[in-house]
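These notes concern the structure reproduced below.
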Amino acid sequence: MSGPAYFSHQTIAFAASQGVLLAAIAVPFSGVLAILGGLSVLFGYRPRIGAWLIVLFLAGVTPMMHEFWGVTDPAMHQMQMIHFMKNLSMAGGALVISQLGTGPWSLSRAQRSV
């Protein structure tokens, strides 16, 4: 659901302030990865490829945008660490889907039986 936010000027400006190179290109590109990967897994259409798109998105975004080790404010440090760990757990879930697929009720499973 947060995918469309990657196309807003505020998100691009925030990423640029965090040191993201070519933020005007990188941020919308990451939004495309997140949206396509999420929809692919949600609808079960080529979910393994979609899961890899999510992993690619998280591998790029997580260390750049949630650098908790460089934050001095204790509250902000805690918040960034929570977001970092959340993204790490989502990457783990996406890696599981990339290897095992989505299960018997997905569209990809239904297409194989036709």
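The values are calculated or read from the model by the stated rules, or taken from the named source; none is laboratory data. This one's a predicted model, so the numbers in the text were calculated from it and none came from an experiment. No Cβ is skipped: glycine too gets one built from the backbone with ideal geometry, and neighbour counts run over all protein chains shown. For the accessible areas, the whole protein counts, side chains as well, though only heavy atoms, and no ligand, DNA or RNA atoms are used. Shrake-Rupley method; radii C 1.70, N 1.55, O 1.52, S 1.80 Å.
The table that follows gives values for the structure above.
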quantity: The range 39-93: number of residues that are in contact (Cβ under 8 Å) with a residue 24 or more places away in the chain and more than 25 Å from residue 23 (Cα to Cα); calculated: 7
quantity: Positions within the range 39-82 being open to solvent by 30 Å² or more (accessible area, probe 1.4 Å), under 15 Å from residue 102 (Cβ atoms) and not hydroxyl-bearing (Ser, Thr, Tyr), in sequence order; calculated: 39, 41, 42, 43, 46, 48, 49, 52, 53, 54
quantity: Where residue 89 falls short, out of the listed (1) of a type in the set (Ser, Thr, Tyr); (2) part of a helix (DSSP H, G or I); (3) in contact with a Pro (Cβ under 8 Å, 6 or more places away or on another chain); calculated: (3)
quantity: Selection within the range 15-31 - touching a residue at least 24 places away in the same chain (Cβ under 8 Å) and surrounded by fewer than 18 Cβ atoms within 10 Å (Cβ to Cβ); calculated: 18, 19
